[in-house]
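Let me begin by presenting the structure, written as structure tokens, before commenting on it.
The values are calculated or read from the model by the stated rules, or taken from the named source; none is laboratory data. Fair warning: this is a prediction, and the values are worked out from it, not measured in the lab. Cβ sites come from the backbone with ideal geometry, for glycine too, and all protein chains shown count toward neighbours. Quick note on the areas: whole protein, heavy atoms, side chains included, nothing else; ligands and nucleic acids left out. Shrake-Rupley method; radii C 1.70, N 1.55, O 1.52, S 1.80 Å.
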Amino acid sequence: MTHRDRQTSLPGFEPEPAPEPEPEPEPKSSSPRTARTCHPTLTEPGRPAGPPPQSLEGKTVWVIDSHSLIYQVFHALPNMAGPRGEPVGAVFGFTRDLLDLLQKKKPDYLFCAFDLPGKTFRHEMYDQYKAQRKEMPEDLRPQIESIRRVIGALGIPALACESYEADDVLATIARITDELGGQCIVVTGDKDCRQLITDRVMIYNIRKDEVFDRDALLQKWGIAPEQVVDFQALVGDASDNVPGVPLIGPKFAQQLLEKFGTLDDVLDAALNRADEISGAKRKENLVKYRDQAELSRKLVRLDVETPVEIDWPGGEVGEIHRTAAQALFREFGFRNMGERLDALQEMSGEARPPALEVEYRLVDTPELLETFVAEMRRQKCISLDTETTDVRPRWAEIVGYSFAWRDNEAWYLPVRAPEGERCLDPKTTLEVLRPILEDPEIEKIGQNLKYDMIVLRSAGVELAGVAFDTMVADYLLEAGRRGHNLDELASRYLGHTTTKITELIGTGKNQKRMDEVPVAQVVDYAGEDAMLPLRLRPILAKSMEETGVNDLFTNLELPLIDVLVEIEHNGIRVDVERLSELSRRYGRRIDELEETIFELAGHPLNIASPKQLQQVLFTELELPIIKKTKTGPSTDASVLEELARVHPLPAKIIEYRQYAKLKSTYVDALPEMVYPGTGRVHASFNQVVTATGRLSSSDPNLQNIPVRTDAGREIRSAFIPEGKDSVLLAADYSQIELRFLAHFSSDERLCEAFARGDDIHAQVAGQVNQVPLEEVTADMRRDAKAVNFGVIYGQSAFGLAKSLGIEQDAAAQFIDSYFEGYPGIGAFLDEVLAKCRKNGYVSTILGRRRAISGVRDETARSRAGRQTNLAERTAVNTVIQGSAADLIK
């Protein structure tokens, strides 16, 4: 086992499949118009579009309705920020889907169709076309260009045509592919594209991994592809503001087309054979709105002759610009995308970068050890690493040591190995190494040295002279990145692909410990762990000097490692008996709640099954549906809390979930985390995870144990002092972030309130509501607290209204009153954003820097009122929360 990837980054983000959204259709027409020349956005600017091959027989052509897919992933995935604070959730989802298509579907050709800004020829026909469409969400807008960059790096042509829509491009490619004997698969959620279906053209639902063909259309709408345009002309399309014919719904439209065949025949029948159509009002509307139906037909018909230049040679799947793609993935903070590119390596025209020239030496006899140590004693600086049996440093036994002091040579000293293999004696080796490891005059460098220091301390050695940690240095340079592990750094700074730990120990049930791996296989891997930090140090040190964070590294983050080593090595004692008692009690309470829930529901059910809860709450009990998800009505906590006002069952489900979570996450899990040698849990305090600089905790997360409920306080009572002569001291900073806000903004009222020791939330409530402090109610204070901790980070009136359960207008008025009463705060926020836009980064009180892109100019922000985008919220949050982290550290 190794610690190379230990606590160096957040877990890989694997979003759940996105639900199929409301369609993002772009209906089309083939009415006469002025000919236009359209140009694709090529993956290689300046490369001319090439003609299609003479035949596409046996070939598959996949074409993506890009905006449809972009909106799907944007609404389906949670907010994700890149290293520079820019929104990247849609970029991540779109890229993931592209790689899925390339790997799993293996298309022969692949194109991405885009809409261009501005009106289309359909607006010339009908000025209300798409009139109700909302503007693109602020956090989505900057992601479009990022997605186009990804497409270019993957060698996929991005096609668009002025005055036409993406669906027209899809239709044209589908028509050409069909005529040339190929199979075209259109990736879209747009129902308009169903008119394109032929024996060779199908629609693909990427979320459900389903193909929609003639048979599926007949089953869904009861019509043939040739009738789709007429069907939509009758029904209309609310998403595009296509009017259709009033009172003609999908079912009746299907019946009309089944009986009469085409729209023209339906409209003629309404005029001349009205007795054949049921419903007086519907017959009247078919006559009255005849022109409207014919206009709708023009609007929804896709143009299969769009004059777009299609780069057919470029669309042939093959060359991937691997280096460019990897650079983009690093820019956006996508840690696992690069590995997926490796699986597509055979499609790439680029060779992988050559390996670094390094000689890895094995020291496995007393004689070699003596020679090695004699040379190492003469060094002023060494890079070191330990290979161990466990990623948890307190549980780990040392398998071997690796050292380097020249960047083309490294040594590995095995002290544990598979049976029958030669290695050094563990105790003798440690004692020989001790004088060097504990000598503060010999500089030590490495990657994630905190782990090695705890391992060595557990073995009785105090590592001294720590001078550089590459993981911490990269974190200060790139705080917004999700990964700072050695594999990532080697790739980013050295262009070197490391040996992965899974190549040595495997995964899953067959995973080995490092001391079970043949020594010959460990040598190079372990040597890399010592050699790479040596090569990385000058690069990182120079960058830290240039960006002005060297003092922060030397005077704060590096000394902090010693503090964290002390905390983690010591751990905290846990009363296992107390937890066992709570487990039994919570188990009984869970059983009681289960019986009560069954009684209120009228029958047994699986309480953990959202589907069964949906059936009980909304079908059987007929409770109101608050919000919907892709799988039906939501049963999340916010919904259950609202439903609890009208029925007792939801409240019991909430309580059941709370006890079940506490029992599984803490009460039953904590005893398993106790190290037998100390009777304590030894959590990791992660120095390089949060983008703002604050510490996080894991294994277990001691920062997340509940405190506001009786049950949470009971769990905390299981953490106890070592003995009768010891106590646990709990210390906290009072409203530290609001104090920093007062410090930075110099707002007179806020500073005076802190100076007097006022209740800040009550003081703000009185100011905003214009009442004396003694008349501030609990609700007023609650609302003011929400503003204090929300609005300063850019919470919108919509968000505040939702969190407080008030009208949006009232929330907007509250926000306006807040900034009027505390003008210094608004001025400070504006100053932060102006500097960030100018410099491209923000800084904390101690100079911690984070690069951020996407901050708008003052005019754009003014148009949006106080509503900020993700980059702007990130900028303010980094300054305030990051400064608080500086002070606490």
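Points to keep in mind about this one:
- For region 241-253, the condition holds for at least one residue, the condition being that it is within 30 Å of residue 62 (Cβ to Cβ) and open to solvent by less than 30 Å² (accessible area, probe 1.4 Å).
- Residue match in region 202-218 (condition: in contact with a helix residue (DSSP H, G or I) (Cβ under 6 Å, 6 or more places away or on another chain) and open to solvent by 40 Å² or more (accessible area, probe 1.4 Å)): no
Here's the yes/no breakdown for (1) modelled with pLDDT of 95 or more; (2) surrounded by fewer than 17 Cβ atoms within 10 Å (Cβ to Cβ); (3) more than 38 Å from the chain's Cα centre (by Cα); (4) within 21 Å of residue 375 (Cα to Cα):
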residue	(1), (2), (3), (4)
410	yes, no, no, yes
451	yes, no, no, no
455	yes, no, no, no
458	yes, no, no, no
483	no, no, no, no
493	no, yes, no, no
501	no, no, no, no
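- Subset of region 232-249 [more than 9 Å from residue 300 (Cβ to Cβ) and not in a loop (DSSP other than H, G, I, E, B)]: 234, 235, 238, 239
- Consider region 655-679 and keep the residues that are part of a helix (DSSP H, G or I) and among the small types (Gly, Ala, Ser). The one that is nearest to residue 717 (Cα to Cα) is 664.
- One residue stands out in region 409-419 among those that are in a loop (DSSP other than H, G, I, E, B) and free of Cβ contacts under 8 Å to residues at least 60 places away in the same chain: the one that is farthest from residue 360 (Cα to Cα), namely 419.
- The residue of region 797-838 that is most open to solvent (accessible area, probe 1.4 Å), among those that are in a helix (DSSP H, G or I) and of a type in the set (Phe, Trp, Tyr), is 798.
- Filter pass, residue 779 being over 30 Å from residue 570 (Cβ atoms), of a type outside the set (Ser, Thr, Tyr), within 32 Å of the chain's Cα centre (by Cα) and surrounded by fewer than 12 Cβ atoms within 10 Å (Cβ to Cβ): no
- Residue in region 425-438 that is more than 30 Å from residue 695 (Cβ to Cβ), without any contact (Cβ under 8 Å) to a residue 60 or more places away in the chain and either buried (at least 20 other Cβ atoms within 10 Å of the Cβ) or among the hydroxyl-bearing types (Ser, Thr, Tyr) (or both) present: no
- In region 563-607, the residues that are touching a residue at least 24 places away in the same chain (Cβ under 8 Å) and assigned to a loop (DSSP other than H, G, I, E, B): 571, 575, 607
- Residue 97 vs. criteria open to solvent by less than 10 Å² (accessible area, probe 1.4 Å), over 18 Å from residue 142 (Cα atoms), of a type in the set (Asp, Glu) and touching a residue at least 12 places away in the same chain (Cβ under 8 Å): yes
- Among residues of region 51-71, those that are open to solvent by 10 Å² or more (accessible area, probe 1.4 Å) and assigned to a strand (DSSP E or B), counted: 2
- Residues (under 30 Å from residue 133 (Cα atoms) and not β-branched (Val, Ile, Thr)) located in region 257-276: 257, 263, 264, 267
Here's the yes/no breakdown for (1) touching a Pro at 6+ places or on another chain (Cβ under 9 Å); (2) modelled with pLDDT under 85; (3) closer than 30 Å to residue 255 by Cβ; (4) open to solvent by 50 Å² or more (accessible area, probe 1.4 Å):
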| residue | (1), (2), (3), (4) |
| --- | --- |
| 286 | no, no, yes, no |
| 292 | yes, no, yes, yes |
| 301 | yes, no, yes, yes |
| 307 | no, no, no, no |
| 310 | yes, no, no, no |
| 313 | yes, no, no, yes |
| 318 | no, yes, no, no |
| 321 | no, yes, no, no |
| 329 | no, no, no, no |
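- Just one of the listed residues (142, 137) is under 30 Å from residue 340 (Cα atoms), modelled with pLDDT under 90 and in a helix (DSSP H, G or I), and it is 142.
- Near pairs, Cβ below 9 angstrom, 6+ apart or cross-chain, from region 223-242 (in contact (Cβ under 8 Å) with a residue 60 or more places away in the chain) to any residue that is of a type in the set (Gly, Ala, Ser) and open to solvent by 30 Å² or more (accessible area, probe 1.4 Å): 241/131
Listed here are the residues, each with its yes/no results for (1) in contact with a Lys or Arg (Cβ under 8 Å, 6 or more places away or on another chain); (2) among the small types (Gly, Ala, Ser); (3) surrounded by fewer than 21 Cβ atoms within 10 Å (Cβ to Cβ).
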| site | (1), (2), (3) |
| --- | --- |
| 521 | no, no, yes |
| 531 | no, no, no |
| 534 | yes, no, no |
| 542 | no, no, yes |
| 554 | no, no, yes |
| 563 | no, no, yes |
